[in-house]
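Quick notes on the structure that follows.
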Amino acid sequence: MYFHHVVLEQQAPTLKQVNDQGTRYYVTPQGNKYPSITTVLSEYNKKAIYEWRQRVGDEEANRVSRQASSRGTRIHKLCEDYLNNETPQFKTPFDTDMFQTLVPELQKINNIHAQELRMYSDHLRIAGTVDCIAEYEGKLSAIDFKTSKRLKDKEDIENYFMQASAYAIMFEELFNIPVSRTVVLIAVDEENPQVFVEKRDSYVEKLIFFRDLFERKNKVAANY
């Protein structure tokens, strides 16, 4: 399958990534410093993550986290290469098996507007790097790729939907192209992938709640 890539009329912004006391920020061309969306949403499930680390111990928690991060990075790269009409380079049989489960869903994507693009929103005062902005089953969507060792319950991953909603808003704000839908594709160990298709605006209120929580905790001055 050949994937068509859309050439945007406007040039993508150049954002500089900086770290300030362990927090990742992006600096916009206008000089505004906005936190990454993943940082803003780090409070989501923080209690559950803390309890898990207490239960299994720091050494095991760190090992599992490193393994999950490495796996996620590899699968992201395979998806990116495939959508760029390049031949994916597999490092392990496990990667091959997990990626192959995603292929039928990836083939529902076309007219790709952006991949791995740094963006920001002055309205949200947030920045981040989107996996993909493209049509999914014919409708322009903010698409996020995830990996998991087990099947996820929808009510436990609202941070995924908030993250994708933020990307959709950033893209529309920067390029004046409406993106009203989000798609989260989760590759799961030894299972078929999970696909969650949501309306962008369904999670904006919660997204702003976590943005405000971050700003209060970090005493960030609101920029209106």
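Numbers below:
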item: Output for segment 11-27, where each listed residue is loosely packed, with under 10 Cβ neighbours inside 10 Å and either under 22 Å from residue 80 (Cα atoms) or of a type in the set (Ser, Thr, Tyr) (or both); result: 11, 14
item: Positions within segment 188-204 being open to solvent by 60 Å² or more (accessible area, probe 1.4 Å), in a helix (DSSP H, G or I) and not small (Gly, Ala, Ser), in sequence order; result: 201
item: Flag if residue 220 is assigned to a loop (DSSP other than H, G, I, E, B), at pLDDT below 95 and surrounded by 15 or more Cβ atoms within 10 Å (Cβ to Cβ); result: yes
item: One residue from 207, 213, 151 being open to solvent by 20 Å² or more (accessible area, probe 1.4 Å), assigned to a helix (DSSP H, G or I), of a type outside the set (Val, Ile, Thr) and touching a residue at least 24 places away in the same chain (Cβ under 8 Å); result: 213
item: Residues that are among the β-branched types (Val, Ile, Thr) and either closer than 14 Å to residue 1 by Cα or in a helix (DSSP H, G or I) (or both), drawn from segment 86-105; result: 87, 96, 101, 103
item: In segment 163-187, the residues that are touching a residue at least 60 places away in the same chain (Cβ under 8 Å) and either among the β-branched types (Val, Ile, Thr) or part of a helix (DSSP H, G or I) (or both); result: 163, 166, 167, 174, 175, 177
item: Subset of segment 171-195 (residues that are under 18 Å from residue 98 (Cβ atoms) and touching a Leu at 6+ places or on another chain (Cβ under 8 Å)); result: 185, 187, 188, 191, 193, 194, 195
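The values are calculated or read from the model by the stated rules, or taken from the named source; none is laboratory data. All values reported here derive from a predicted model rather than from experimental measurement. With ideal geometry, Cβ positions are generated from the backbone for all residues, glycine too; neighbour counts draw on all protein chains shown. For accessibility, only protein heavy atoms count, side chains too; no ligands or nucleic acids. Shrake-Rupley method; radii C 1.70, N 1.55, O 1.52, S 1.80 Å.
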